[in-house]
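Beneath this line is the structure, given in C-alpha cells, with notes to follow.
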Amino acid sequence: MNKTFVISVVALFVVSMLLGMVVHGMLLHSDYLHLTEQGLFRRESDQQAHFLYMLAAHLVLAVGVTWIYRQGRSARPWMGQGFRFGVALALATCIPTYLIYFAVQPMPSDIVAKQVFFDTIATIILGLVAAAVNRDALPARA
C-alpha cells in the first residue's frame with residue numbers, strides 16, 4: 001500500500017458516499033418512503049442508528065475498487081479503462097444485486113429498474129474516479 005492507494009481509497013469513499021446520497025437520498029427518496037411505510041425499509045431514525053454500517057460499507061467498497069483496479073490497469077488511456085472497469089463493476093455487483101433483491105423481496109419493478117439504472121451510472125463514475133486517481137501509478141515494467 002502506498003500514498004496513491006490511500007488517496008484513491010479516500011477519493012472513492014467520498015465519491016461513493018456522495019453518489020449514494022444523490023441516488024438513494026435524493027433521486028429514489030420518495031420511492032423509498034413508500035417502501036418504508038410498507039415495512040420493507042427501516043425508518044429514518046433506525047437508519048441513522050445504523051449509519052456506521054453505511055460508512056463501513058463505503059470504506060470497504062473504496063478499498064476493494066482501488067485494489068481491483070490497480071491489479072488490472074495498463075498504460076492505455078485512463079478514461080477508457082475507467083469506463084470499462086465501471087461497466088464491469090456494475091455487471092458484477094449492482095445489477096445482479098438488485099435483480100437478486102427483486103427475486104427475494106417484494107420490490108416494485110419500477111424501483112428496481114431505477115436502482116439498476118442510477119447505480120450503474122454511479123458505478124461507472126466510480127470506475128472513472130479509480131482510473132483518474134491511479135493513472136500515474138502504473139507498476140514498472142520488467
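Annotations for the structure displayed:
- Whole-Å distance, taken between Cα centres, linking segment 27-68 and segment 71-142: 18
- Folded to 0 to 90 degrees: helix 3-20 orientation relative to the chain principal axis, Cα: 20
- Neighbour net charge for SER8 - beta-carbon separation under 12 angstrom, K R +1, D E -1: +3
- Remark on the chain: hydrodynamic radius 16.2 angstrom, per the Kirkwood mean of 1/r across alpha carbon pairs.
FYI, it's all coordinate maths here, none of it is from the lab. Every value quoted in this text rests on a predicted model; they were computed, and no experiment measured them. Please note: Cβ atoms are built from the backbone with ideal geometry, for glycine as well, and neighbour counts cover all protein chains shown.
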